[in-house]
Amino acid sequence: MDYSKVKIPNHVAIILDGNGRWAQEKGMSRSQGHQAGFDNLVELSKHVFDTGSKVLSVYAFSTENFKRSKEEVSFLMRLFENKFVEYAHKLKEENVRVVFSGGREAPVKQKLIDIMNECEEITKDCTKGTLNICFNYGSHLEIVEAFKHIHEDINNNVITLDDVNEDLLYHYMFQDLPPIDYLIRTSGEVRLSNYMLYQMVYAEMYFPKTYFPDFNNEEYDKALIEYTKRDRRFGGINYDDKNN
Ligand code: IPE
Ligand code: IPE
Ligand code: MG
């Protein structure tokens with residue numbers, strides 16, 4: 001595809017959904033679906049940065065996902081423990097920085113918290129783009145934490161109440177990233193499931209039916225073609241539109 005002919009969103013967010021159904025429909029275990037989803041993420045994330053986007057946020061595990069069976073949760077934790085560092089090294093080769101958003105405390109094990117810190121350290125000087133892995137992430141948790149930190153900083157005279165505005169709130173999120181331009185949720189579900197509500201204010205949204213393990217580079221390019229057709233008005237009027 002000729003990427004100069006499509007619009008490239010600065011910040012893309014993907015809700016990686018449908019791993020379980022992908023596997024079940026093939027007579028495989030849900031774990032195999034998660035493995036396939038992770039392998040796809042490694043390929044897809046490289047592609048997203050190659051097309052020119054600067055930030056990619058991916059929803060890997062929500063605060064609510066701890067409600068799943070012990071077997072599924074522990075499989076996912078082991079998958080991340082075994083794969084994150086290797087993934088960070090690959091991203092470093094691509095000059096992509098990795099950061100994590102989400103609660104870094106129990107029920108996440110200390111070993112995994114150490115791994116997340118290590119991945120951030122390995123890639124901290126990379127400049128091509130930022131991969132934000134949302135893990136033990138919930139938008140409600142993020143906003144509540146931001147509130148607490150703002151309160152603390154006001155009490156400690158780091159900021160004043162007058163400093164609190166829409167932009168400042170971004171600095172108090174788990175990671176200081178720009179607003180989301182394009183949200184993609186695979187698998188056909190049309191909901192946000194507690195994902196980046198503050199950052200999503202004017203995001204365009206796309207809900208392909210494809211399960212995440214099948215959402216390959218070609219599927220992503222279709223998403224870019226769709227994004228190119230969107231008329232982003234941000235509450236104003238597009239004066240280029242001849243019908244206006
Ligand atoms: C998304 O796939 C991955 C995680 C939530 C960790 P699901 O596991 O939600 O797959 P479905 O929705 O059951 O098919
Ligand atoms: C959202 O998917 C969370 C992740 C993709 C990590 P879920 O599969 O957990 O969401 P619901 O339960 O269908 O809303
Ligand atoms: Mg799901």
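Quick notes on this one:
- Annotation: the range 12-90 has a Kirkwood hydrodynamic radius of 13.6 angstrom, from the mean reciprocal C-alpha pair distance.
- Hydrodynamic radius by Kirkwood, which averages 1/r over all alpha carbon pairs of the range 54-183, in angstrom: 16.0 Å
- Per residue, the Cα convex hull of the chain amounts to 148 Å³.
- Mean shadow area of the range 119-212, taken as a quarter of the surface of its Cα convex hull (nm²): 7.9 nm²
- Distance violations [Cα-Cα > 31 Å] among LYS26/LYS90; LYS5/LYS83; LYS5/LYS90; LYS148/LYS209; LYS5/LYS128; LYS7/LYS109: LYS5/LYS83; LYS148/LYS209; LYS7/LYS109
- Entry note, the chain: the mean residue ellipticity at 222 nm calculated from DSSP H runs of n ≥ 4, each adding -39500 (n - 2.57), is -13500 deg cm²/dmol after division by the residues and rounding to the nearest 500.
- Alpha carbon centroid spacing (whole Å) that separates the range 108-179 from the range 1-59: 23 Å
- Taken over the range 51-102, the alpha-carbon convex hull comes to 91 cubic angstrom per residue.
Where a number appears in this text, it was derived from the coordinates with a stated rule and is not lab data. Just so it is clear, the model here is predicted, and its values are computed rather than measured.
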